[in-house]
1. Of the residues Leu37, Leu12, which single one is outside any loop (DSSP other than H, G, I, E, B) and farther than 18 Å from Ile146 by Cα?
2. Looking at Val97, Val84, can you tell me which residue is under 20 Å from the mean Cα position of the chain (by Cα), among the aliphatic types (A, V, I, L, M) and within 22 Å of Thr143 (Cα to Cα)?
3. Would a scan of region 51-72 turn up a residue that is outside any helix (DSSP H, G or I), exposed (fewer than 14 other Cβ atoms within 10 Å of the Cβ) and out of contact with any strand residue (DSSP E or B) (no Cβ under 9 Å at 6 or more places or on another chain)?
4. Which residue pairs have Cβ atoms under 9 Å apart, sit 6 or more places apart or on different chains, and have a first residue in region 53-79 that is under 19 Å from Ile135 (Cα atoms) and a second that is of a type outside the set (D, E, K, R) and assigned to a loop (DSSP other than H, G, I, E, B)?
5. Phe44 fails exactly one of the following numbered conditions: (1) surrounded by fewer than 17 Cβ atoms within 10 Å (Cβ to Cβ); (2) of a type in the set (A, V, I, L, M, F, W, C); (3) within 12 Å of the chain's Cα centre (by Cα); (4) farther than 30 Å from Val118 by Cα. What is the number of that condition?
6. So which residues in region 13-62 are out of contact with any helix residue (DSSP H, G or I) (no Cβ under 7 Å at 6 or more places or on another chain) and of a type in the set (A, V, I, L, M), if there are any at all?
7. Among all residue pairs at least 6 apart or on different chains, which show Cβ distances below 6 Å where the first residue, located in region 1-19, is over 11 Å from Leu37 (Cα atoms) and the second is of a type in the set (Gly, Ala, Ser) and in a helix (DSSP H, G or I)?
Amino acid sequence: MEIVYWSIISILFIIGFAGLIYPIIPSVLFLLAGYILYGVFFSFEPFSWFFWLVQSLLVVLLFVADYIANMIGIQKYGGSKAGVWGSTIGLIVGPFVIPFLGIILGPFIGAVGAELLVNKRDVKNSLKIGFGSVIGFVSSVITKTIIQLLMIAYFLIVVL
């Protein structure tokens, strides 16, 4: 039965990593579900207040890193808040409209469209800002992957 339990926990963690690419999947909730199921299946004893404090701080860092990476990517290339919002909307909608490529094209098209429509920028600058949104997204995914790996590594250190 132990193999089944660990398999379920592992599947939850894998789904959490899928949320890095598909932002509609709440990554942190799947990681949390894995921790809680470990407690239900085995024991909550390893989870001290310090464990929950570290995990909570890493969750905060995850959200802050996500926002900052996207914002810096767009603003470094001259984008505005409208570009950030357009990129975010494109990130959520893109994978559903254009499967597979939508994860990259969505933020790009969203940022370009927002800059063209809201800020009346020229096409060249808007495309540059769209490129910045893609850079921000990729940076965000890399950063969040590292943080989630740290969260799972700390979990494994505590329970094993």
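Computed from the coordinates by the stated procedures, all read-outs in this text should not be read as laboratory data. Worth saying up front: this structure is predicted, and the values here are computed from it rather than measured. FYI the Cβ positions are ideal-geometry reconstructions off the backbone, even for glycines, and counts take in every protein chain you see.
1. On the way: Leu12 fails: farther than 18 Å from Ile146 by Cα.
Checking each option against the conditions leaves just Leu37.
2. Values: Val97 fails: within 22 Å of Thr143 (Cα to Cα).
The conditions single out Val84.
3. Step one: of region 51-72, the residues outside any helix (DSSP H, G or I) are none.
The answer is no, given that none of the residues of region 51-72 is outside any helix (DSSP H, G or I), exposed (fewer than 14 other Cβ atoms within 10 Å of the Cβ) and out of contact with any strand residue (DSSP E or B) (no Cβ under 9 Å at 6 or more places or on another chain).
4. Asp66/Pro23; Met71/Gly79; Gly73/Gly79; Ile74/Ser80; Gly79/Asn119
5. (3)
6. If the condition is that a residue be out of contact with any helix residue (DSSP H, G or I) (no Cβ under 7 Å at 6 or more places or on another chain) and of a type in the set (A, V, I, L, M), then Ile14, Ala18, Leu29, Leu32, Ile36, Val40, Leu53, Leu57, Val60 are the ones that fit.
7. Every condition considered, the pairs that remain are Phe13/Gly34; Gly16/Ser27; Gly19/Ser27.
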